[in-house]
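Read the structure below first, then the notes.
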Amino acid sequence: MKVTNYRLQTEMENIKEDNQEWFKNYVRQVLESNKPYYAKADYLGLSIQEIQNKIDYLTADIQEMTALKKNLSLAKATTLEATAAVLAEYGIDRLDGTSISSITITPKRTKLTETFEIINADALIKLGYFSVVVDEQSVKEAMLSVEGMDEIDEFVKVSVTSEETPARIKVNARRTSANNQATELLNLVDSQEAA
């Protein structure tokens, strides 16, 4: 794993949505430099790929940590129950300690959960326990035909909203390993800083 961040990657990691001008100026400097076009593309692309590598690494770590937390929580709950059972076998309901105040056994509890199930829906409907709602899917399907639209046009309002997605770049990677990308970026930046 690459340990050093280079300037472009650092700039990318610290860019703020409401203050992009500093970053844009740095990208302009990269594009206007006397380096070959492929070196500029590699510098931009590899920096973005390093950020994606960090995201992937963190995602994997979060998944592992979540699984570990779940296992530890289950282990703790099982430990508490097993220890309580052993203490109860010995007739101990409290153990005093020096580093901790004490260990006590909480009494066994029964939790009541109410469930609701309708046995005869028709009988309840006849008694008046029902509601009528518009079938939105049927309305949408009816609007696809001229006859349906004529029938329901005055009862519905159709609006269209648009969301603009700004232009972005896409890094098209060569079929190489992540370690090779880091090495390429290291060599590229070292050669740029030496020049």
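The values are calculated or read from the model by the stated rules, or taken from the named source; none is laboratory data. Model, not experiment: these values are computed from the prediction. So basically every Cβ, Gly included, is an ideal-geometry build from the backbone, and we count neighbours across all protein chains shown. Areas reflect the complete protein model, heavy atoms only, side chains present, ligands, DNA and RNA absent. Shrake-Rupley method; radii C 1.70, N 1.55, O 1.52, S 1.80 Å.
Numbers below:
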item	result
Top-ranked residue of segment 84-109 - restricted to ones that are without any contact (Cβ under 8 Å) to a residue 12 or more places away in the chain and assigned to a helix (DSSP H, G or I), ranked as farthest from the chain's Cα centre (by Cα)	89
Identity of the residue in segment 12-29, outside any loop (DSSP other than H, G, I, E, B) and aliphatic (A, V, I, L, M), that ends up modelled with the lowest pLDDT	12
Pairs with Cβ under 9 Å, 6+ apart, first in segment 45-63 and within 15 Å of residue 11 (Cα to Cα) and in contact (Cβ under 8 Å) with a residue 60 or more places away in the chain, second open to solvent by less than 40 Å² (accessible area, probe 1.4 Å) and of a type in the set (Phe, Trp, Tyr)	47/6; 50/6
Pairs with Cβ under 7 Å, 6+ apart, first in segment 8-31 and of a type in the set (S, T, N, Q), second at pLDDT 90 or above and open to solvent by 100 Å² or more (accessible area, probe 1.4 Å)	none
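Yes/no matrix, rows are residues, columns are (1) in a helix (DSSP H, G or I); (2) out of contact with any Gly (no Cβ under 8 Å at 6 or more places or on another chain); (3) more than 30 Å from residue 174 (Cα to Cα); (4) at pLDDT below 90:
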position	(1), (2), (3), (4)
10	yes, yes, no, yes
31	yes, yes, no, no
41	yes, yes, no, no
47	yes, yes, no, no
59	yes, yes, no, no
73	yes, yes, yes, no
